Amino acid sequence: MKQPITNRQIRAREVRVVDETGKQLGLMKLEDAFLAAQERGLDLIQVTEKVEPPVCKIMDYGKYVYQEKKKDKTAMQKQKGGTLKGIRLRFNISQHDLETRASQTANFFKAGDKVRIEMVLRGREKALANFAKEKIEKFLEALDKLCKYKVERELKKEPKGFSMIISKG
């Protein structure tokens, strides 16, 4: 959230003013609006700059900032698409652990999240890239038994191993 323009920072000759109760006070000269806010012991806050003349609200600055942060937070919570979760696989992971990670991935899909699968390779493991790819394929087979998925980003070689991004299919 960017800082709202307040009081003497406002650079318009006329403003449309709304008081703290939400009642329209109409068009006013900036100086008159500022004096009206001062009389009430409140601030003049520019709510929108996109319209001509800009809309200003007479209210407490701290209360305005709090309400805007609260509004942003609820908007973020309502966003769809989920977050990007991570599943890390090791070079010598057992079949049971692969199945456990696959069920965890299925739970992430139910929550609406995308999953980044990482296969971390260390030292001499980097020379056996084909074996690592086979492990990832086994993981995807175990996941396919639980739920459908689609590949968002293909398997990609990275400095520390392999990674790919998948989502619910």
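Annotations
- Each residue of region 160-169 was assigned a 3J(HN,Hα) from its phi angle through the Karplus curve 6.51 cos²θ - 1.76 cosθ + 1.60 (θ = phi - 60°); the sequence is 9, x, 10, 8, 7, 10, 10, 9, 5, x Hz, with glycine and proline shown as x.
- Relative to the current alpha-carbon distance between THR21 and LYS157, full extension at 0.36 nm per residue lengthens the span by 43.0 nm.
- Separation of the ARG13 and GLU31 label points, Cα + 7 Å toward Cβ, nm: 1.3 nm
- For region 84-168, the relative contact order comes to 37 percent (Cα pairs under 8 Å, sequence separation of at least 6).
- For GLU154, neighbours were defined as the other residues whose beta-carbon sits under 15 Å from its Cβ, and their charges (Lys and Arg +1, Asp and Glu -1) total +3.
- Sorted peptide list for 20-31, 95-106, criterion being average Cβ within 10 angstrom, highest first: 95-106, 20-31
- Taking every alpha-carbon pair within region 84-168, the share separated by more than 22 Å comes to 18 percent.
- Local electrostatic count at LEU27 - Lys and Arg +1, Asp and Glu -1, tallied over other residues with Cβ under 15 Å: 0
- The chain - Rg (one decimal) and Dmax (whole number), Cα, Å: 27.7, 76
- Given charges at beta-carbon only (K, R positive; D, E negative), |dipole| of region 60-139 in Debye: 180 debye
- Counting every other Cβ atom within 10 Å of each residue's Cβ, SER94, SER163 order from fewest to most as SER94, SER163.
- Relative contact order, percent, region 12-169 [alpha-carbon distance under 8 Å, six or more residues apart]: 17 percent
- Dipole magnitude of the chain, debye to nearest 20 (Cβ charges: Lys/Arg +1, Asp/Glu -1, about Cα centre): 780 debye
- Antiparallel beta bridges, as assigned by DSSP with both residues in the chain, represent about 70 percent of the total such bridges.
- Simple rule: put +1 on each Lys or Arg Cβ and -1 on each Asp or Glu Cβ in region 1-125, find the dipole, and look at ASN92, CYS56, ASN107; the Cα lying farthest toward the positive end is ASN92.
- FRET efficiency for the GLN95 to ALA75 pair, using the beta carbon distance and R₀ = 45 Å, is estimated at 0.55.
Readers should treat all values here as calculations from the given coordinates under stated rules, not as data from a laboratory. Computed from a predicted model, the values in this text were never measured in an experiment. Heads up, the Cβs are rebuilt from the backbone with ideal geometry, glycines too, and the neighbour counts pull from every protein chain shown.
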